[in-house]
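The values are calculated or read from the model by the stated rules, or taken from the named source; none is laboratory data. Just so it is clear, the structure is predicted and the values come from calculations on it, not from any experiment. Positions of Cβ are backbone-derived with ideal geometry, glycine not excepted, and every protein chain shown enters the neighbour counts.
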């Protein structure tokens, strides 16, 4: 086991505390589980020449929150759909292309969304 300090925005730290209390897991266990999941989805992106096929899912207030990112990256967006669910926008984009470009797209969407996930299909 290795220890190190991490600074988190207050809102994120409070969310970690809530999950920790609700599940009975320590903060370290909650953060470690989240990091493992993130690292698992990202591991192949770093390989030179890796071609990704996956899905980027985003929950936003309006489609325009992610619409610009989709337009700028349209060469890597195979298809997308947008629906309204419980007063929010759900956008699902199928993406294919160079791993580093797909990673940049997923991170750009994540910056603009309330919730965003990249799910590799290959």
Name, by its number, the condition in (1) over 19 Å from the mean Cα position of the chain (by Cα); (2) at pLDDT 95 or above; (3) not in a helix (DSSP H, G or I) that does not hold for residue 55.
(1)
Would you confirm whether any residue within segment 28-50 is at pLDDT below 90, under 15 Å from residue 106 (Cβ atoms) and not in a helix (DSSP H, G or I)?
yes
